[in-house]
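The structure appears below as structure tokens.
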Amino acid sequence: MSKKRRGFAKIALILLIVVIAVGYGYRLRTKKLEQAAAVLPAGREVVVTRGDLSRGISSTGTIAAAQDLELTFDVGGKVKEVLVQATERVEKGAVLAQLADTEQQMAYLTAKRDLELAKFDAAPSVIKEKELQLQIAETNLKNTTLRAPFSGIVARVDIQPEEWVTSGTSVMRLLDTSRMFLSVGVDEVDIRYVEVGQKAIITLDAYPELTLSGTVVEVGIVPEAGGQVVIFPVKIELDDPDPRVKVGMSAEAEIVVEKAENVLIVPFEAVTVRDGKNVVAKVTEEGVEPTEVVTGLSDGFLIEIKEGLKEGDRILASNYELYRTLQGGSGGGSRGVGGVRVVQPGVARRIRHGDR
């Protein structure tokens, strides 16, 4: 064989070896990807994205008006006329009802005359007494007219003309709905997280599709009386009341006590604790590899990733299958296998006091 032919043979042999090596590498890579695919449960792979998270404290209560007052006459008598009806809007100072005032007018005129006579020759103490009697008579005469103490809506009218009423008996209910509030109770364990100015998300039992925003305006310093659970009152003002919202409606508020905006987030169950460290199952071209992460805020469904991942990374939504494969375990349970346990959502305590 000539030198030229021997040279061609060597080159052909080298090319064959290269082709075989490349083919083996390709098959090995394909096998690893197939193994990785076997680990990945269908539909359980997720992409790390950015979003907003919030942690809230939930409680139920009832809607209240800015002012809610039962109106009464300060004197008794027969109702002369009723000038308003239920659902009617009135302005402050408007006359709502009137009692027959003949007796009060006579008492006023008599007191006025007695004072004028006393000024001629009575002692100073007598004059002072007559002045006080005139003031009382004048007040009683004015009190035969019921006026609106503030602008609002007449919620209820309980009297009619010719009816006799006594002093202090409720005859009407007047509401000031220019501002609406939700009064809720917060457990003593959570009240330390609640502050004036925090935002709240409000939903109504009557309108489940309606979501309103509110602001905490008052945090009680004395717990409500009664019951074995210590509950503190919290007052939330509705930022933009909806016309459908009515006084006395049942509602639930979730007070946002902590929030994180535009942060990396993953499903809560994607993070497990292994040897005291938070770990996720990161999906790569070679397969699945445990990756340590630093977590932040969680709402019980999603959790913030501060370190260890970047936007666009792929991870398993649940690590159970991964660790079962890596550690050869076959046991079950929500707490994991082989000493690995699922992180419990203790950082996102949620309470519905209405369910107690």
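Each value in this text was obtained by applying a stated rule to the coordinates, not by laboratory testing. Keep in mind that this is a model prediction, so the values were computed, not measured. Positions of Cβ are generated from backbone atoms using ideal geometry, with glycine treated the same way; all protein chains shown enter the neighbour counts.
Label separation (D239 vs E129): 6.5 nm, computed from points 7 Å beyond Cα along the C-beta direction. The stretch between W164 and E285 holds 34.7 nm of extra length on full extension. This uses 0.36 nm per residue minus the Cα-Cα distance.
Of the cross-linked pairs K199/K306; K92/K235; K80/K128, which ones have a Cα-Cα span greater than 31 Å in the structure shown? Violating the 31 Å limit, Cα to Cα: K80/K128.
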